[in-house]
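Before any comments, here is the structure.
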């Protein structure tokens, strides 16, 4: 099924921030063999599906961190373009385009979506940090560490998108 690319109009039927050709060009120009080689070798339908998943994921995972509001409100399928959006420096971003950072982040996420779902179901019970068992008088005790990371860390995506996040929001720390 052909992608419907968001070109800055706030389309109700858009399902990708960029075309398959643009994503292929992005990965053709990148030396990350562990991501570019599988991307370029994948079937067209798989790459298109990955672009759809990545584009939707950006709105679900990061949409509330962007400044401004979708150009066409809830009638718009994807989280960009946005009216009233500014970057961290206060520079206005056009309400009729998708920032290059979003395009690059979509490519990065799409390559990862070929390997595994970006928003896979997770076991919310936590990691067992302590377990005790008593045999006589039967007793058991299990303590869960709920603070362990619950999903994949995507520092490249965070780094690309951070300039577009609202001021005062979470920032990527490098150390």
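The values are calculated or read from the model by the stated rules, or taken from the named source; none is laboratory data. On a predicted model such as this, the values are computed, not experimentally measured, just so you know. As a convention, Cβ positions derive from the backbone with ideal geometry for all residues, glycine included, and neighbour counts pool all protein chains shown.
Filter segment 88-108 down to the residues that are surrounded by fewer than 23 Cβ atoms within 10 Å (Cβ to Cβ) and in a helix (DSSP H, G or I) and list them by number.
100, 101, 103, 104, 108
Does segment 160-174 include one or more residues that are within 12 Å of the chain's Cα centre (by Cα), surrounded by 15 or more Cβ atoms within 10 Å (Cβ to Cβ), closer than 26 Å to residue 26 by Cβ and modelled with pLDDT of 75 or more?
There is at least one residue in segment 160-174 that is within 12 Å of the chain's Cα centre (by Cα), surrounded by 15 or more Cβ atoms within 10 Å (Cβ to Cβ), closer than 26 Å to residue 26 by Cβ and modelled with pLDDT of 75 or more.
Checking residue 116 against (1) within 11 Å of the chain's Cα centre (by Cα); (2) surrounded by fewer than 19 Cβ atoms within 10 Å (Cβ to Cβ); (3) under 25 Å from residue 34 (Cβ atoms), which single condition isn't satisfied?
(1)
Go through (1) in contact (Cβ under 8 Å) with a residue 60 or more places away in the chain; (2) closer than 21 Å to residue 60 by Cβ; (3) touching a helix residue (DSSP H, G or I) at 6+ places or on another chain (Cβ under 8 Å) for residue 36 and report which single condition fails.
So residue 36 meets the others, but not (2).
Please determine, by comparing only the residues of segment 134-159 that are closer than 16 Å to residue 105 by Cα and in a loop (DSSP other than H, G, I, E, B), which one is modelled with the highest pLDDT.
Step by step, filter segment 134-159, then rank; the result is 154.
Can you tell me how many residues in segment 53-69 are in contact with a strand residue (DSSP E or B) (Cβ under 9 Å, 6 or more places away or on another chain) and more than 15 Å from residue 15 (Cβ to Cβ)?
Counting residues in segment 53-69 that are in contact with a strand residue (DSSP E or B) (Cβ under 9 Å, 6 or more places away or on another chain) and more than 15 Å from residue 15 (Cβ to Cβ) gives 7.
Being modelled with pLDDT under 75, loosely packed, with under 12 Cβ neighbours inside 10 Å and farther than 27 Å from residue 57 by Cα is the requirement here; does residue 128 meet it?
It is true that residue 128 is modelled with pLDDT under 75, loosely packed, with under 12 Cβ neighbours inside 10 Å and farther than 27 Å from residue 57 by Cα.
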